[in-house]
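S.K.: I am attaching a structure below and will ask some questions about it afterwards.
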Amino acid sequence: MTSLFEPTTLAGLTLQNRIVMAPLTRNRADAMGVPKPFVRDYYAQRAGAGLIISEGTQTSFAGQGYCRTPGIHTPQQIAAWKGVTDAVHARGAKMFMQFMHCGRIAHPLNRQVPDAPVAPSAVRPAGQMWTDQQQLQAYPSPRALETAELPALIGEFVAAARNAIAAGFDGVELHAANGYLLNQFLASNTNLRTDGYGTTVAGRIRFVVEVVEAVAVAIGSGRTGIRVSPGHMFNDLVDANPLETHCALLDALPTADMAYVHVMLPNAFSPQLNNAGDPQAVLPTLRPHVRGTLLAAGNLTAASAENMLDSGLIQLAVFGRLFIANPDLVARLKTGAPLAAPREDLLYTADAAGYSDYPVTTS
Ligand SMILES: Cc1cc2nc3c(=O)[nH]c(=O)nc-3n(C[C@H](O)[C@H](O)[C@H](O)COP(=O)(O)O)c2cc1C
């Protein structure tokens, strides 16, 4: 029986247990993308986890889509994050930073730069997003990236990776899930490119592979992870064959040397996957294509996580929403203590309320 609560190692790092806090966007940065002081308290409170993955963080102002999300591309942002990683390390957890370039999932009112959001192709997403100034607004059309712009875009990820290490992070996670820029390159409805970075599966995975390889060269493969969400219908993203795309992606990545591959399980009712309603059914398909550590998130419980660890499908179990209102989640899962429900109305608000003020109930 593999216990969730036993220490383990991840790419040479010692983890105090096999529980990972998922990346959770909470919009507690200032307008310039600097995390507010109480962000440090929030993460430190949750550092009973073996590993914390930060909320999605932009690698440049151009990568921002939502209001009040943090960045890792200015000295002020790096300094604020250093305070966070110091506090998390002091409580024994390790911390990776998730890099989120939103691509077309962006609104000009949420951004500090006047340029239109960029994407693989000029395909406007259906739907609306929140802006503090004008509440819900329709997504604008993105501008398709020129081929000649791609090396500089990769350079932003590399510079951000160096900044994250300077800020004390133990590694970075490239967000290629949930319909943001890297996922937009992977999927057939958002990538209509004909320049070698689209059209075929090999073309659609190419940009993501190049980003991972460049970041791995800069900070080390063992400091580089990736998050994917095959079949998860989110942000108007549809891939004609998500498992084919993702198996090809994983085969092309240096997964044996990378820190990990992190799978966000699809919604059980996703019509894209013929998995009889079992979201965990994607894992047996993906597992042979991951030659290293595999993490999974999505409605996990302590019992389902231990089953997945035992069967060897995953090596670390990722919990998202449960961490929001249960800062001492690890202790609560271990002792069977009751779990609190989050205040949904305060998930994305600007202050400490409903964020760093959830009480610890275990000793
Ligand atoms: C408030 C909120 C914010 C989220 N922000 C992110 C994010 O920044 N990056 C990301 O990859 N996933 C994000 N997710 C998805 C979570 O990481 C996680 O995969 C999801 O909630 C499923 O896990 P769970 O059932 O344990 O909550 C977010 C989810 C929630 C509820």
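The values are calculated or read from the model by the stated rules, or taken from the named source; none is laboratory data. Computed from a predicted model, the values in this text were never measured in an experiment. Positions of Cβ are backbone-derived with ideal geometry, glycine not excepted, and every protein chain shown enters the neighbour counts. Heavy atoms of the whole protein, side chains included, go into the accessibility calculation; ligands, DNA and RNA do not. Shrake-Rupley method; radii C 1.70, N 1.55, O 1.52, S 1.80 Å.
Residues are listed down the side, and each one gets a yes or a no for (1) assigned to a loop (DSSP other than H, G, I, E, B); (2) open to solvent by 10 Å² or more (accessible area, probe 1.4 Å):
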{"site": "M95", "(1), (2)": "no, no"}
{"site": "H101", "(1), (2)": "yes, no"}
{"site": "A106", "(1), (2)": "yes, no"}
{"site": "A116", "(1), (2)": "yes, yes"}
{"site": "R124", "(1), (2)": "yes, yes"}
{"site": "S141", "(1), (2)": "yes, yes"}
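S.K.: Let me ask another. Would you point out which residue out of H232, H175 is farther than 23 Å from A152 by Cβ, touching a residue at least 12 places away in the same chain (Cβ under 8 Å) and crowded, with 18+ Cβ neighbours inside 10 Å?
M.R.: Within the list H232, H175, the selection yields H232.
S.K.: Of the numbered conditions (1) assigned to a helix (DSSP H, G or I); (2) within 16 Å of the ligand (Cβ to nearest atom), R227 satisfies every one except a single condition; which is it?
M.R.: Result: R227 passes all but (1).
S.K.: Output the residues belonging to segment 1-21 that are away from the ligand (no atom under 16 Å from the Cβ) and among the hydrophobic types (A, V, I, L, M, F, W, C).
M.R.: Selection gives M1, F5, L10, A11, L13, L15.
S.K.: Name every residue in segment 69-93 that is part of a loop (DSSP other than H, G, I, E, B), farther than 30 Å from T9 by Cα and over 17 Å from the mean Cα position of the chain (by Cα), in order of residue number.
M.R.: Scanning segment 69-93 gives a single hit, T74.
S.K.: S221 passes all but one of (1) more than 26 Å from T85 (Cα to Cα); (2) open to solvent by less than 40 Å² (accessible area, probe 1.4 Å); which number fails?
M.R.: (1)
S.K.: If I ask for residues that are in contact (Cβ under 8 Å) with a residue 40 or more places away in the chain and part of a strand (DSSP E or B), which ones from segment 143-172 would you list?
M.R.: Correct list: A144, G171, V172.
S.K.: Still on this structure, I have one more. What is the number of the single condition among (1) modelled with pLDDT of 95 or more; (2) within 22 Å of M95 (Cβ to Cβ) that G298 does not meet?
M.R.: (1)
S.K.: Pull up segment 62-93, narrow it to residues that are polar (S, T, N, Q) and open to solvent by less than 50 Å² (accessible area, probe 1.4 Å), then point me to the one that is nearest to V172 (Cα to Cα).
M.R.: So, considering only residues that are polar (S, T, N, Q) and open to solvent by less than 50 Å² (accessible area, probe 1.4 Å), the one nearest to V172 (Cα to Cα) is T85.
S.K.: Restricting the search to segment 238-251, which residues are free of Cβ contacts under 8 Å to residues at least 60 places away in the same chain and either within 15 Å of the ligand (Cβ to nearest atom) or not small (G, A, S) (or both)?
M.R.: V238, D239, N241, P242, L243, E244, T245, C247, L250, D251
S.K.: Which condition number does I53 fail, the rest of (1) touching a Phe, Trp or Tyr at 6+ places or on another chain (Cβ under 6 Å); (2) surrounded by fewer than 24 Cβ atoms within 10 Å (Cβ to Cβ); (3) among the aliphatic types (A, V, I, L, M) being met?
M.R.: (2)
S.K.: While we're looking at this one, here's another question. Please determine, by comparing only the residues of segment 326-363 that are of a type in the set (D, E, K, R) and open to solvent by 30 Å² or more (accessible area, probe 1.4 Å), which one is nearest to the ligand (Cβ to nearest atom).
M.R.: My answer is E344.
S.K.: Considering only helices (runs of 4 or more DSSP H) fully contained in segment 278-350, which possess at least 3 residues that are more than 19 Å from the chain's Cα centre (by Cα)?
M.R.: 302-310, 329-335
S.K.: Within segment 330-363, can you find the residues that are in contact with a Lys or Arg (Cβ under 8 Å, 6 or more places away or on another chain) and among the polar types (S, T, N, Q)?
M.R.: Matches in segment 330-363: T361, T362.
S.K.: I'd like the full set of residues that are open to solvent by 30 Å² or more (accessible area, probe 1.4 Å) and not polar (S, T, N, Q), limited to segment 6-20.
M.R.: E6, P7, A11, G12, R18
S.K.: A further question on this structure: For segment 22-52, which positions are in contact with a Gly (Cβ under 8 Å, 6 or more places away or on another chain) and within 13 Å of the ligand (Cβ to nearest atom)?
M.R.: A22, P23, L24, T25, A29
S.K.: Anything in segment 307-325 that is within 12 Å of the ligand (Cβ to nearest atom) and open to solvent by less than 80 Å² (accessible area, probe 1.4 Å)? List them, or say none.
M.R.: A317, V318, F319, G320, L322, F323, I324, A325
S.K.: Further question on the same structure: Failed condition for Q64, given (1) within 16 Å of the ligand (Cβ to nearest atom); (2) touching a residue at least 60 places away in the same chain (Cβ under 8 Å), with all others met?
M.R.: Checking Q64 against (1) within 16 Å of the ligand (Cβ to nearest atom); (2) touching a residue at least 60 places away in the same chain (Cβ under 8 Å), the one that fails is (2).
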